[in-house]
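Written below as structure tokens is the structure these notes are about.
Coordinate-derived values only; no laboratory data. The structure presented is a predicted model; accordingly, all values stated were derived computationally and were not measured. Cβ placement follows ideal geometry from the backbone for every residue including glycine, while neighbour counts extend to all protein chains displayed.
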């Protein structure tokens, strides 16, 4: 895609595929009239926004102009239409990784699919950290996948610069605003809010939580009160990948509804001493345990590195890109990911979209997306 005209008349708004920002934002599927391409248009009611919200959005848009990387979702056009801010971005036809979990992979995705996704996220984080920023909102709903398997990071609203007065600060003390939805992913040092502060390695912890989210089908700590979550993280409680090496054999022999192994939280810093129940029922009701599988030692080691309590011990994004976990990747994402995501098909893969039945099919394909948290 090239640049898009900053004119609302150039866009035919189709289905509303999400809302957010206290219902002040609507995300539309739209057709760009000059080319016929489908795009996503985020429309924000500026008249109803507080001054803080406007400043928050301005910060996001400023950062988006600075960033130019294939693994970061681009904004193709930003303009004011009457009382609305319009932000145009490519349509990511597979939606977010969280959408895929909710609709098709409730017990987690395959290890190889996760490897492709996490490598895309790491490339984005490597660039963001090199530019002097901390993302502070790494999670599956901010990982978008295009029809050709391109993985892009979004969720730039909470991003924070380490550059202060022309110098690169060593740590950040700012707590991300509007962060209630992201608490389970935040590192212990971000939640702790002490004088030591935090830096880019807090994003690496969030990446480890996201890896568990993709592998297990749910987010560790998700149903805990914030205070308990903080205590668990500060005390060294480490989430883990749920498989035959982390779930005790006696739990694997139980039916899913009786097992507590769905919490994704392991005892102790080693991440392998058995799972401890903390939230909800397993997502699968099929015969046999949903986590009767075995992830590779490299995947377990990768997650363990990301989730170390001491941020000094967490590798950088650049170092993690070279981790043996990613040696299983043999093909380009455009060749491999669409196959690995089957039976899911990209939104743009439906029938003719310029006909009434084609549009109905397209809207139906979008109806399952949880785009309230999908930050284009």
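At full extension, residue 82 and residue 179 could sit 32.0 nm farther apart than now, given 0.36 nm per residue minus the alpha carbon distance. When 253, 71 are arranged by Cβ crowding within 10 Å, least crowded first, meaning fewest neighbours, the order is 253, 71. Multiplying each eigenvalue of the alpha-carbon gyration tensor of the range 8-91 by 5 and taking the square root yields semi-axes of 20, 17, 11 Å, largest first, rounded to whole angstroms. Each of 86, 185 was scored by other Cβ atoms within 10 Å of its Cβ. Arranged with the fewest first, they read 86, 185. Computed from Cα atoms alone, the Kirkwood hydrodynamic radius reported for the range 97-339 is 18.2 Å. For a Förster distance of 35 Å, can you work out the FRET efficiency between the beta-carbons of residue 35 and residue 160, rounded to the nearest 0.05? With R0 = 35 Å, the Cβ-Cβ based efficiency is 0.45.
Taking the range 190-220 and a reference point 7 angstrom along Cα→Cβ of residue 169, the backbone N atoms nearer than 11 Å belong to 197-199. With contacts taken as Cα pairs under 8 Å at a separation of at least 6 residues, the range 97-339 carries a relative contact order of 24 percent.
Put in order of Cβ neighbour count within 10 Å, fewest first, the listed residues 345, 227 become 227, 345.
Here residue 334 and residue 313 are evaluated by their C-beta separation; at R0 = 51 Å the FRET efficiency comes out at 0.90.
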